[in-house]
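The values are calculated or read from the model by the stated rules, or taken from the named source; none is laboratory data. Since the structure is predicted, the reported quantities are computational estimates derived from the model, not experimental observations. Every residue, glycine among them, receives a Cβ derived from its backbone with ideal geometry; neighbour counts consider all protein chains shown. Side chains are part of the model used for accessible areas, which takes the heavy atoms of the whole protein and leaves out ligands, DNA and RNA. Shrake-Rupley method; radii C 1.70, N 1.55, O 1.52, S 1.80 Å.
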Amino acid sequence: MKKLILILLVMPVLFACGRGDAVTQSVEAQAIHDHERCHLCGMMIKKYPGPKGQLHLKGQEIVPKFCSTRDMFNFALQAENQRQITALMVHDMSATEWAHPQDKHFIDATKAWYVYGTSRKAVMGPAVASFATEEGAIQFAKEFGGAVLGYEQITLELLAGE
């Protein structure tokens, strides 16, 4: 009986270790090419200003890319999509220009800070400006307005204006 209890206690730890290896694999952002279209709305991604997004899906080689972080979040926060996502990437807008964000400045969206409700225009409604640091987001908000938010504060309700 003690052996059975010990086995039952040790099994979750063994499985957790195995899954941890997969999660720690690094994911690199892919370049957005001139004629690529947004996975959500179909608009030309590079034609518009502001931060872009992309995500990686379990078992998929195709990387959905988005014309705005707003569209990326609208896709990523849907319950049916959440469990398939292995990585989310957004531009660090403190390191690249608003009009033409450069792909070398993609960062992990789950560690980014955001400014919502800024006066800066993006493609699909109010911008969800992304930054690598809270300080970068605060500085941007001081200059262009908006609320500084962490990743967990970006919700479908927020994006819908509720």
Check the straight Cα-Cα distances from Lys58 and name the aspartates and glutamates below 19 Å, setting aside those fewer than 8 residues away within the same chain. Asp21, Glu28, Glu80, Asp108
Taking only the alpha carbons of segment 30-162, what extent do you get along each of the three principal axes, in Å, biggest first? 41, 30, 23
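Counting only heavy atoms of protein chains, what accessible area per residue, in Å², does segment 42-148 have with a probe of 1.4 Å?
Numbers: 4950 Å² over 107 residues.
For segment 42-148, the per-residue accessible area is 46 Å².
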Note down the nm distance, to one decimal, between modelled labels 7 Å out along Cα→Cβ at His100 and at Gln84. 3.4
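Order 146-154, 90-98 from most to least packed using the mean count of other Cβ atoms within 10 Å. Mind showing how you got there, number by number?
Working: 146-154: 15.9, 90-98: 20.7.
In descending order of packing, they fall as 90-98, 146-154.
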Using Cα centres only, tell me the gap between segment 105-162 and segment 34-48 in whole Å. 20
How far, in nm, would the chain grow between Lys111 and Ile62 when pulled straight, counting 0.36 nm per residue and subtracting the alpha carbon separation? 15.3 nm
Quick check on my link table: of Lys104/Lys142; Lys52/Lys104; Lys46/Lys142; Lys47/Lys121, which ones sit more than 23 Å apart, alpha carbon to alpha carbon? Lys104/Lys142; Lys46/Lys142
